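Every number in this text was worked out from the coordinates using simple rules, so none of it is lab data. Worth saying up front: this structure is predicted, and the values here are computed from it rather than measured. Neighbour counts run over all protein chains shown; Cβ positions are idealised from the backbone, glycine included.
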Amino acid sequence: MRKFRILLIEDNPDHASLTADCLQSDGEEVEVECLASGEEALAFLTDRYAKANELPDLLLLDINMPGMNGLDLLRHVKSDSKLRIIPAVMLSTSMSMRDINEAKANHANSYVLKSSDFDSLESALLQLKRYWRETDTAAPA
Amino acid sequence: MRILACLLAMWLVPTLAAAQDVWRVAYNHFPPYSFQSETGDADGYAIDLIRALAATRGVEIEFAFLANPGEIVAALGDGSVDVSVALARTPARQEHAIFSVPHQSVRIRLYAPAESAAEVAARWPDGVRVGFAKGAYPAVVVSRYPTAIPLEGTTNPDVLLNLMNQEIDAAIYPDTGFRRLVEAFDTRRRFIAVGDILDEVPLHLATSISRPVLAETLSADLSSFIVTEEYSNIVQRWFGEDAATVWATRTVLMLVGAVAAVVAIAALVGHYYQRRRAEAAMVAFAQEKAEVEQRAAEQLRSRNNRLEKKMSELEELLYVVSHDLSSPLVSISGFSRNAMRAIGADQLDRARELLVRVEANVRGMSRLINGVLSVSRIGQETTHTEDFQLPDIVDEIAMHLDGLLDARNVRLVCDQDATLTTDRHLFGRALQNLVENAVKYGCPHDKNVVRIIVDEAGNRLRIGVLDNGPGIPQHLRSRIFLMYRRLQSDDSGSGLGLSIVSKIAERLEASVYVDGSTETGALFWIDFDASEQSQRKQAA
């Protein structure tokens, strides 16, 4: 059985490593690819699709990043006919309604608040992973 | 026949007797020849003359004060009066009255204010506004000056008033009368005769056309009277030196009444204009009030706009700061939990690694909190304006950033001098922040130069910081100060450097912006308006 592939886009290396740890803390091995910017992630996705018709099973997008931020990347992904099927979950410390509404408007599949209660953040990430692993097709965008 | 003669005698005798007993004498206002005194009695030279003549005949006089010579001539014509005392003879008047030998003459001259008399004389008669008392002169005299303006009002003082008010340039007036008139008015302005005597008009007694016998009698009496001492006394009284005082006094009394009336009218007119002025003042006040209100509303609007801008900047700051504070908290929370698990599993090295990350995140939070406090303090610090040289400040910055410059192999260059007049400490901090940013984000090579540039043109003094990095992307140039965002992920700063620079610039009444013209390297300007600087210098 092939591993569940997650692409994490996160500019904060501490958050990247902590998130990657969380996603595997239930003992299940998943493939977590981590990129530090929106630009890199878009290039990676386009390239991966063109070469191998291979896409990640889940996108985890941080919002606050220099340059192309998570919401910019979401817009690109969800307006691309080949990429839009990938479930995209926003990960952010922002509780701003502006960010939440913009994520919703751009067809984000979920929005997870990076909580400083690390246990609840971990359980939320694990639940997400299980949900999208068990769901065969992406929700229509 | 006897009966007829008796009847005629019975009719004639009372008629003649009555005619001999009372003379109905008409006069008009023509001082000093004739006028009505303040008590309403007839007075003047010609009045004295007729009284003297009546006295020699033992006749009483009934005076009739008429408005003007025209009315007198009409009254003589229809027999409602018997005699008029001082009238000039004209062919038209001879149809209604019988004229005696002349007893006086009126010399008519032109009078003008002393200061403009020469000009009036030079222009006369063309272009001179000449006035005369309407009805005072025979038509034949007036017809010689067709451009003259007949002045309304029956009193000759009207002429002087018109002259004083400059409604006319000159007045036609009897010479003796005019002198008296001016004396009576006690005017400080001098009026003098212009040119020669215009006319000399003889004055006669005029008797009703219906009284030829009386005309004969009066003319004969007058001829013999004008050679007597009594007549000389009358002339002396009215035209001599003493006479002037008497007449002037009487005229003054009369004029007091006239002046009182004028004052009353002036008061009414004054009241009217006062009211007009008050109304105009109220309109002006209302306009001013509206303008003040409009200005206040505009100020309020612009203040509101500034506040709204500030609010949105603050919201933006709050957004970024809350993210930048939450972010290390997430890390601290995760690393410390993992560290506890590692300790539980006896993995002490792993726990130490995690705690190092915890410590790094705490330091990051601390820098951010200090940065926010710095921004808030800039608005509260008092500024001290002074003159200083730019290279001195650059040397201080190079000393402060010595370690950083060495580590990144950066040379800080300032080869232009400039004298600045502003707060040295705040300006130094702003410039240091820009240099720090330039070193951190604009020096990717093995050897780098950060250059301080002076641009002095006209009233403008700009200090620039140029690095040799990738430059600021066009789409971020306008947002870079507003968003308080780092363009690169970096752990070394609070992320509020540009925010601090922006706040300091605002405090120093300068502006700060990214130069849009550079191809490579970012160029930040701190821009002072030199005229504002000199104003501040003067104020200091």
> Karplus couplings for segment A:62-79 from phi (6.51 cos²θ - 1.76 cosθ + 1.60, θ = phi - 60°), rounded to Hz, Gly and Pro as x?
Replying inline: 6, 8, 7, 9, x, x, 6, 8, x, 6, 4, 5, 4, 4, 4, 4, 6, 9
> Which FRET efficiency value, to the nearest 0.05, do you get for B:Ile192 and B:Val22 by plugging their Cβ-Cβ distance into 1/(1 + (r/R0)^6) with R0 = 56 Å?
Replying inline: 0.80
> Rounded if a/c is under 1.5, else prolate if a/b beats b/c, else oblate: with a ≥ b ≥ c from the C-alpha gyration tensor eigenvalues square-rooted, which is chain A?
Replying inline: rounded
>> Between A:Leu55 and B:Lys447, how high is the FRET efficiency from 1/(1 + (r/R0)^6) when r is the Cβ-Cβ distance and R₀ = 45 Å? Nearest 0.05.
In response: 0.55
> Under a Cβ-Cβ cut-off of 14 Å, what is the net charge of the residues other than B:Ser80 that fall near it, where Lys and Arg count +1 and Asp and Glu count -1?
Replying inline: -2
>> Run the reach check for B:Lys310 against lysines, Cα to Cα strictly under 20 Å, same-chain hits fewer than 8 apart removed. What comes back?
In response: B:Lys503
> What number in nm² do you get for segment B:285-378 if you take the convex hull of its Cα atoms and divide its surface by four?
Replying inline: 7.7 nm²
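When the gyration tensor of the protein assembly as shown is built from Cα positions, what are the square roots of 5 times its three eigenvalues, in whole Å, from largest to smallest? Could you put the intermediate results ahead of the total?
Numbers: eigenvalues 3049, 185, 85 Å².
Listed largest to smallest, the semi-axes of the protein assembly as shown are 123, 30, 21 Å.
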> Which distance in nm do the two modelled labels at B:Leu318 and A:Glu31 give, with both placed 7 Å along the Cα-to-Cβ direction?
Replying inline: 4.5 nm
> What length, rounded to one decimal in nm, is gained on full extension from B:Thr39 through to B:Val362, with 0.36 nm per residue of separation minus their alpha-carbon distance?
Replying inline: 104.8 nm
> What FRET efficiency do you get for B:Asp406 and B:Glu115 if R0 is 56 Å and r is their Cβ-Cβ distance, rounded to the nearest 0.05?
Replying inline: 0.05
>> Give the lysines reachable from A:Lys78 as a straight Cα distance under 22 Å; neighbours fewer than 8 places away on the same chain don't count.
In response: A:Lys51, A:Lys104, A:Lys129
> How long is the gain from B:Arg57 to B:Ala258 if the chain were fully straight, where each residue apart is worth 0.36 nm and the alpha carbon distance is subtracted?
Replying inline: 68.6 nm
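Just for the protein assembly as shown, what percent of DSSP beta bridges are antiparallel, to the closest 5?
On the way: 46 of 80 bridges.
In the protein assembly as shown, DSSP labels about 60 percent of beta bridges as antiparallel.
Gain in length, A:Met97 to A:Ser81, computed as 0.36 nm per residue apart minus the alpha-carbon separation, to one decimal in nm?
My answer for the length gained is 3.0 nm.
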> If you count, for every residue in A:11-18, the Cβ atoms of partner chains within 10 Å of its Cβ, what is the mean?
Replying inline: 6
> Tally Lys and Arg at +1 and Asp and Glu at -1 over the other residues with C-beta under 12 Å from the C-beta of B:Ala457: what net charge comes out?
Replying inline: -2
> Fewest first, what order do A:Asp80, B:Asp82 take by the number of other Cβ atoms within 10 Å?
Replying inline: A:Asp80, B:Asp82
> Can you pull the mean other chain C-beta count within 10 Å for peptide B:328-339?
Replying inline: 6
>> Just to be sure I understand the model, the point goes 7 Å from the Cα along the line to the Cβ. What's the resulting B:Glu456 to B:Ile343 distance in nm?
In response: 6.3 nm
